[in-house]
Amino acid sequence: EPEVTQTPSHQVTQMGQEVILRCVPISNHLYFYWYRQILGQKVEFLVSFYNNEISEKSEIFDDQFSVERPDGSNFTLKIRSTKLEDSAMYFCASRGAGNTIYFGEGSWLTVV
Amino acid sequence: DAKTTQPPSMDCAEGRAANLPCNHSTISGNEYVYWYRQIHSQGPQYIIHGLKNNETNEMASLIITEDRKSSTLILPHATLRDTAVYYCIVRGAFSSGSARQLTFGSGTQLTVLP
């Protein structure tokens, strides 16, 4: 069964450093998403992406965040200058032409 | 998207059916009911979705009331691996060119007991 894959599974970074989280969506999917989940809290929407541009973003997705689809397979989330409060599990998701969004297993980011 | 209400937690004995309720009294005619689950620290996993009719797949059954104001997710023979947070989400159909997202609430923590 096709799946969304994410790397790294876990990353520890120092405050102020840049982090790039990578995702390979399901092949032939056209819609891409990033969500995050702070430990013990709800899964929160960050951004959606379609046709090489941001479709929708939440208040969390400020100027420190950016997304990119650098080639035909990868979808990345960049945090320019990490803060302690960016520590969370980040989930990538994708959707094809149908009504179902599929999620990856997540990248756990710890900012120290 | 319509608001949903779920009990915060439920227990179920292993091997028995788990019936997870969801209220969505403000659902509109073109909104679907989706169910996802999240096993501890893993990504949300799609289970099933439906509009009006009851649906069944290899994981679960979805029963939607005739007035569509509530639904029940049924796991017919719960196992210990079904212990997870289950999310009921209501949203409109995904249209072509629209990357609208899903909004997760707090869900129901289902604990399957041995």
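Readers should treat all values here as calculations from the given coordinates under stated rules, not as data from a laboratory. Owing to the predicted nature of the structure, the values given are computational and were not obtained by experimental measurement. Cβ placement follows ideal geometry from the backbone for every residue including glycine, while neighbour counts extend to all protein chains displayed.
Tabulated results
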| quantity | calculated |
| --- | --- |
| Where B:Ala78 falls short, out of the listed (1) under 14 Å from the mean Cα position of the chain (by Cα); (2) part of a loop (DSSP other than H, G, I, E, B); (3) aliphatic (A, V, I, L, M) | (1) |
| Enumeration of residues in region A:75-108 that are over 11 Å from the mean Cα position of the chain (by Cα), away from chain B (no Cβ under 13 Å) and not hydroxyl-bearing (Ser, Thr, Tyr) | A:Arg80, A:Lys83, A:Leu84, A:Glu85, A:Asp86 |
| Residues of region A:23-62 satisfying the condition of being assigned to a strand (DSSP E or B), free of Cβ contacts under 8 Å to residues at least 24 places away in the same chain and more than 9 Å from every other protein chain (Cβ to nearest Cβ) | A:Glu53, A:Lys57 |
| Region B:56-71: number of residues that are in contact (Cβ under 8 Å) with a residue 12 or more places away in the chain, surrounded by fewer than 18 Cβ atoms within 10 Å (Cβ to Cβ) and farther than 17 Å from B:Gln45 by Cβ | 1 |
| Any hit, region A:34-45, residues being farther than 25 Å from A:Asn99 by Cα and in contact with a Ser or Thr (Cβ under 9 Å, 6 or more places away or on another chain) | yes |
| Of the criteria (1) surrounded by fewer than 18 Cβ atoms within 10 Å (Cβ to Cβ); (2) at the interface with another protein chain (Cβ under 9 Å from one of its Cβ atoms); (3) in contact (Cβ under 8 Å) with a residue 24 or more places away in the chain; (4) of a type outside the set (Asp, Glu), which one B:Leu102 fails | (1) |
| Matching residues in region A:83-103 - criterion: being polar (S, T, N, Q) and within 14 Å of A:Ser9 (Cα to Cα) | A:Ser87 |
| Members of region B:56-67 that are more than 21 Å from B:Leu110 (Cα to Cα) and either of a type in the set (S, T, N, Q) or within 14 Å of the chain's Cα centre (by Cα) (or both) | B:Thr65 |
